[in-house]
Amino acid sequence: MSKGKQKRSKVRVPRIYIDTNIARDYSERRDFNSIHLLETIRERKWECFSSPYLMMELCDIEKDKILFNDRVVRRNWTIDRFLRERRKPNLKKEHFEEVDKYLDVFIRSLEFINLWVLDERGWNIALFLSINSNLSAPDVIHFATAFTYGCDIFVTRDDHLMKDGNVILRRKSLLKEMGVKTFKISQPHKALDVLKRLRFKK
């Protein structure tokens, strides 16, 4: 055996992509499995990513909540009327300030999540997915971001995204045409086991 110092092989940490619903679970403390997963990611300093589009989705969600409280709870609108007119929100400055405060709390609670911006190649992948799959535009952006930056696992609670996403991942010719490597899609309560099967320590 050599007496010199042996080089330790660098341990690769997983690249984990977080869908918007998982980030909300953690920030709003609404789902134990998502909270446990993200706490584990934070404690182990694993690489955790999402898209800046997540922030825009959160803005829309928060605006809907504000609008619902203002129209249905305060003004006694019916649900039918709310659904008809929600695309004409007419929110005011104080409402936008509420959205800004919500995002500020969200960002501070999830500082360990990196937001990746799609480059030209990423947008080409997004367009290709939009043409060749049943994914919605928001889901296409998330999927394209995970593909572009070589994530190992995509975590979501969206059953529709999981179903249609797995259809894409099974089409090897499609992945080859995009020039991307595959990844696993998982719900939060199964994610750590999936990572273990991928040879990452649980």
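The values are calculated or read from the model by the stated rules, or taken from the named source; none is laboratory data. Because the structure is a prediction, the values reported are computed rather than measured. A quick note on method: Cβ atoms are made from the backbone with ideal geometry, for glycine too, and the neighbour counts reach across all protein chains shown.
Given the condition assigned to a loop (DSSP other than H, G, I, E, B) and either within 11 Å of the chain's Cα centre (by Cα) or surrounded by 22 or more Cβ atoms within 10 Å (Cβ to Cβ) (or both), answer yes or no: does some residue in segment 134-145 qualify?
Just the residues of segment 134-145 that are assigned to a loop (DSSP other than H, G, I, E, B), to begin with: 134-136.
With the extra rule that they be either within 11 Å of the chain's Cα centre (by Cα) or surrounded by 22 or more Cβ atoms within 10 Å (Cβ to Cβ) (or both), the set shrinks to none.
The answer is no; no qualifying residue exists.
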For this session: Hey, can you tell me all the residues within segment 147-202 that are in contact with a helix residue (DSSP H, G or I) (Cβ under 7 Å, 6 or more places away or on another chain) and either among the small types (Gly, Ala, Ser) or in a strand (DSSP E or B) (or both)?
Result: ILE153, PHE154, VAL155, GLY165, LYS184, ILE185, SER186, ALA191
Exercise. What are the residue pairs meeting all of these: first residue in segment 68-85, first residue modelled with pLDDT of 80 or more and hydroxyl-bearing (Ser, Thr, Tyr), second residue part of a helix (DSSP H, G or I) and surrounded by 11 or more Cβ atoms within 10 Å (Cβ to Cβ), Cβ atoms under 9 Å, and 6 or more apart or on different chains?
Worked result: THR78/VAL72
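Taking ASP119 as the residue in question, decide whether it is crowded, with 19+ Cβ neighbours inside 10 Å, among the acidic types (Asp, Glu) and farther than 21 Å from VAL13 by Cβ.
Numbers: crowded, with 19+ Cβ neighbours inside 10 Å: no; among the acidic types (Asp, Glu): yes; farther than 21 Å from VAL13 by Cβ: yes.
So ASP119 fails the test.
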Exercise. Does ILE125 meet the test of being assigned to a helix (DSSP H, G or I), within 30 Å of LEU175 (Cβ to Cβ) and touching a helix residue (DSSP H, G or I) at 6+ places or on another chain (Cβ under 6 Å)?
Worked result: yes
For this session: Kindly indicate whether any position in segment 44-51 is in a loop (DSSP other than H, G, I, E, B), of a type in the set (Gly, Ala, Ser) and surrounded by fewer than 17 Cβ atoms within 10 Å (Cβ to Cβ).
Result: no
